1. For the range B:1-57, give me each residue that is of a type in the set (S, T, N, Q) and either farther than 26 Å from C:Phe301 by Cα or in a loop (DSSP other than H, G, I, E, B) (or both).
2. Does the range C:46-82 hold any residues that are touching a strand residue (DSSP E or B) at 6+ places or on another chain (Cβ under 8 Å) and closer than 29 Å to B:Asn207 by Cβ, and which are they?
3. Are any residues in the range C:362-382 basic (Lys, Arg) and more than 13 Å from chain B (Cβ to nearest Cβ), and if so, which ones?
4. With the range C:182-295 as the region, which helices (runs of 4 or more DSSP H) entirely inside it contain at least 2 residues that are over 27 Å from C:Glu135 (Cα atoms) and at the interface with another protein chain (Cβ under 8 Å from one of its Cβ atoms)?
5. Listed residues C:Glu328, C:Glu376, C:Glu343; which is in a helix (DSSP H, G or I) and either touching a Cys at 6+ places or on another chain (Cβ under 6 Å) or farther than 23 Å from B:Leu27 by Cα (or both)?
6. Quick one: what pairs do we get from the range B:299-313, first residue facing chain C (nearest Cβ under 7 Å), second hydroxyl-bearing (Ser, Thr, Tyr), C-beta under 6 Å, 6+ apart or different chains?
7. Return the residue satisfying two criteria in turn: it lies in the range C:118-136 and is part of a helix (DSSP H, G or I) and touching a Ser or Thr at 6+ places or on another chain (Cβ under 9 Å), and of such residues it is farthest from the other protein chains (Cβ to nearest Cβ).
8. Take the residues of the range C:137-161 that are of a type in the set (Gly, Ala, Ser) and within 9 Å of chain B (Cβ to nearest Cβ): which is nearest to B:Ser174 (Cα to Cα)?
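The values are calculated or read from the model by the stated rules, or taken from the named source; none is laboratory data. Keep in mind that this is a model prediction, so the values were computed, not measured. Cβ sites come from the backbone with ideal geometry, for glycine too, and all protein chains shown count toward neighbours.
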Amino acid sequence: MAVSFPSTDYFEALKAQMVAAQEHFSRLGFIDTTFAVSVANNGKSHHYVLEFEVFELKNVSEVPAIDLKKVDFSIEGDTKVWREMIENIKRNGQADTHHDINTLAHFGEQLKIKYDDPDGHDKLYRFMESIQEFFDLSSKLEVSFN
Amino acid sequence: MAFYAYKDYTEDQKVLEAMQSVMAGNLGLHWFNANTEKFKGHASDPNRGLTYDDLNHGTYGYSDLPEHLRTSQSMVARGSDKSGKLPDMGYVVNRKSDVWSDNVSELYEETKARRWAPATDIPWAALGEKPLSETIEIACAQLYTFLQECEAVSLDFPARWVALVNQDFIEQKSFMCGQMLDASRLLEVFRKRALYGGAGLKRANVNAEQGLKEWLWAETYPQGSLSINLALSGMLLAIFRHVAAFAPSVTDRAIMRKAMQDRGRWVSYGTGALRYHLEHQPGQRVALHEYLDESEHVMLGIIGSAEFLEPLIIIAGGGLDKDQVKTGRVAVAKLIKLMMREYFARLDYAGLGGRTERSRLPQVMERVQVA
Amino acid sequence: MAYLATHDYLEDKNFVDKWLYTMRTGEMDLSWMNAKTEKIMPRPQNARRGLTYRDLDVGSYGFTEVPEKVRDNRSYAPRGAEIPEGVPDAQPWVSRKSELWAFNTESYYEEAVSRQWNATTDIPWDRLEGVEMPEATGKALSQLMTFLTEVEMIATDTPAMWLPRLNPDFIEVKAFIASQAMDEARHAEVFRKRALTTGWGLMAASPMNEMALKHLRDADSFSEMSVALHLVAEGNVLTMFRFSEYLSPTDVDKKIFRLVMQDEARHVGYGMQHFKYVLENFPEKREVLHAHLDEAENISFAGAAATEVTESFIILAGGGMKKENIEEGIKVTTQFNLKQMHEHFERLEKCGMPERKDPKRSKLYAMFLQGKADAEAHGITF
């Protein structure tokens, strides 16, 4: 059954996949960060807050707006960019170099990273492998786009 | 330099008698009722395991460590019962705010949890199966030669200071040990990558090495940490992200992804340590500004060196054609702006604001143009 | 007091202009592309082991060809790179291979990297919940752990002190020392954690052993440091870990000692191989090392007078403090002490210093023979 992107169902589905791959994520090491994902579409945005702790995604919530003081960083982009990334992941089993979070966000041209403090920002890089592999779990889902 | 024991113990009657007495069953048990806090630690989160944070309790913990350590110059474990003649280990870093960061214990745990092995965790064969063009491979070889120089200096920095830091700062010293392994692992993976591609190593970077030595040999630990953990590590973190974004191979991307994780921790520590330092020694703000006035030029020494700049242009642009070089230059110009922006933002966050107005860097960086 | 680079790059107009010109026009120097360096194509000899430093031991890049005296490189340039004029001097104190080399150093390092474990998650701490040991055993265990956590970090601090003073061409040795630093931080951590989960907290510090640590720290040369640390001290500690595993009151303690002894064995392995190498390749050093061993063995003997350690060992070995427990504990501790000394001299002999097994040469050996005779007279063999 397809999950719709963007939605809490999508992130809950990734969470379930992460639990199933616990051994792998344990080997990657602790992931202790709370970050937001923002998906814009024609002037409207959907915002989600993902709380990771130890080796898992503990909580997903949709929020009306992102409070940068309450998250380490947020990843913001147009739905077109997110869709292209997820479709790329589905095709290749993982994001290729042109479609991974780091590349898309590097110069802030496709995805933007926003943060209140630089230390929170740096958590994106401290946990990059785990974060990317979390999104790469999309390869195991059927995703439909609103 | 050698230290010689106070006496020849094999001929000391008192020592021999004490040993014989114990071995005859006469236990003195002076330690049995040691004057220490009774405590049983537990893992607050069983999934996470038993961390140093779980043992941050009373006399054993780091929270209650005083700012000035005057009564401990030996390697006695923090919180244990000290008695008898204890030697002086010669620690010169005895102020908590000279080394501490509120996140150091967390970073140490993260270092251990996120360990990896270059020999087996990098997909080397992928590069063998799809080798790069000669031009790109040579550019990679030069970049990785330069990165080895950076890691060699990064390895020496915590090694230089760890034995001089008071043993009571055990969590912070442990993090420094993690840094040493991080640096040697990164040096290893960069060396392996440089050689695997077949172009051999390239040229050492005189300007970078001169600057790196200046940073390495900073007079004080806070100055050195600012340079190595914050400035250099911030630059390297940006470079790793950049190379990952323009990675010419799956192998390179995998390397850079690991590298950015390791280096991200150094930056976090460096920023946190500066912040703690300035919160507790606000007068150092002036001194550190003056230090940066003198030492920031090293950033340009690195960024402006041909051995750093030109390979990055080629890798980002994809080659040496005019259009490719232009694409590469545009990307590198953006990288430099990103490095500067993040550097000043970290300083600001850590309490060393006003640097943008004072520093000589922005005036030079603003002159970067790509025609 | 600090080192200053030969240029202030922000004030160097030529440097700045050249950089801006490159960025603006794309005209690059590119001379580095023709660096006069060797081209090799290393591949993993064993696919399961991955790409190791041994696979890179080829030509000018390899460790085999590093000469006895490194004359060409005192900078941070990686071994085998082209070294232009103007690189700084890294101020190495040790540029002589036999002062620090050991057969198999690169493999010890690779092994260390692949066998890193985590004191936070790899020990089943939860199995200690509800475990109550008798006071004597609990305190004795805590005292042993207090001693071990106290001494472990010397094996970080001491080699780390030397690390920046080693010529950067000795990449594999520096890497090994970095891995040892992390191993020892982990050991200090696991022993501290175990002491603080007994319910008794830490116990008494060990002044006699602190003196030993000071001796280890302040050596006149890397080789002397290594002999005292890797061979003598860690050799002794390795024997202690093996005995401690045997004496462990819980399976959690057994696991701890099994894991730490793996790491320690690597360090001792390096120490033995280095000792062998220096005796073979720098024979003039033999008497210097003898003199240092005289001191190291004196201090090693003094460690036996650290009654807080001996007594806690006796109680653990005997399982309590009743007369019969103490008797059994003394028997086991005697065996342990003799085994420690025996293995020490065995290592020295195997590595090329058999003459130390002579009571006229080594006072510790004289004590060993006497102790062995006394033990045998009491029916104790090891």
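1. Initially, the range B:1-57 is screened for residues of a type in the set (S, T, N, Q), giving B:10, B:13, B:20-21, B:26, B:33, B:35-36, B:44, B:47, B:51, B:56.
Within the range B:1-57, B:Asn26, B:Asn33, B:Asn35, B:Thr36, B:Ser44, B:Asn47, B:Thr51, B:Asn56 meet the criteria.
2. In the first step, residues of the range C:46-82 are kept if they are touching a strand residue (DSSP E or B) at 6+ places or on another chain (Cβ under 8 Å); the result is C:68-70, C:81-82.
Answer for the range C:46-82, where residues must be touching a strand residue (DSSP E or B) at 6+ places or on another chain (Cβ under 8 Å) and closer than 29 Å to B:Asn207 by Cβ: C:Lys69, C:Val70, C:Ala81, C:Glu82.
3. Taking the range C:362-382 and keeping what is basic (Lys, Arg), we get C:363, C:372.
Result: C:Lys372, single match.
4. On the way: elements: C:207-217, C:222-226, C:234-247, C:251-281.
So the answer is C:207-217.
5. Values: C:Glu328 fails: either touching a Cys at 6+ places or on another chain (Cβ under 6 Å) or farther than 23 Å from B:Leu27 by Cα (or both); C:Glu376 fails: either touching a Cys at 6+ places or on another chain (Cβ under 6 Å) or farther than 23 Å from B:Leu27 by Cα (or both).
Being in a helix (DSSP H, G or I) and either touching a Cys at 6+ places or on another chain (Cβ under 6 Å) or farther than 23 Å from B:Leu27 by Cα (or both) holds for just one of C:Glu328, C:Glu376, C:Glu343, which is C:Glu343.
6. From residues that are facing chain C (nearest Cβ under 7 Å), the pairs are B:Leu300/C:Tyr9; B:Gly301/C:Tyr9.
7. Within the range C:118-136, the first condition is being part of a helix (DSSP H, G or I), and the residues that meet it are C:125-128, C:135-136.
Applying the additional criterion that residues be touching a Ser or Thr at 6+ places or on another chain (Cβ under 9 Å) yields C:125, C:127-128.
Working: C:Trp125: 4, C:Arg127: 11, C:Leu128: 9 Å.
Residue satisfying both the conditions and the ranking: C:Arg127.
8. Within the range C:137-161, the first condition is being of a type in the set (Gly, Ala, Ser), and the residues that meet it are C:138, C:140, C:142, C:155, C:160.
Still in the running and within 9 Å of chain B (Cβ to nearest Cβ): C:140, C:142, C:160.
Working: C:Ala140: 26, C:Ser142: 21, C:Ala160: 12 Å.
That would be C:Ala160.
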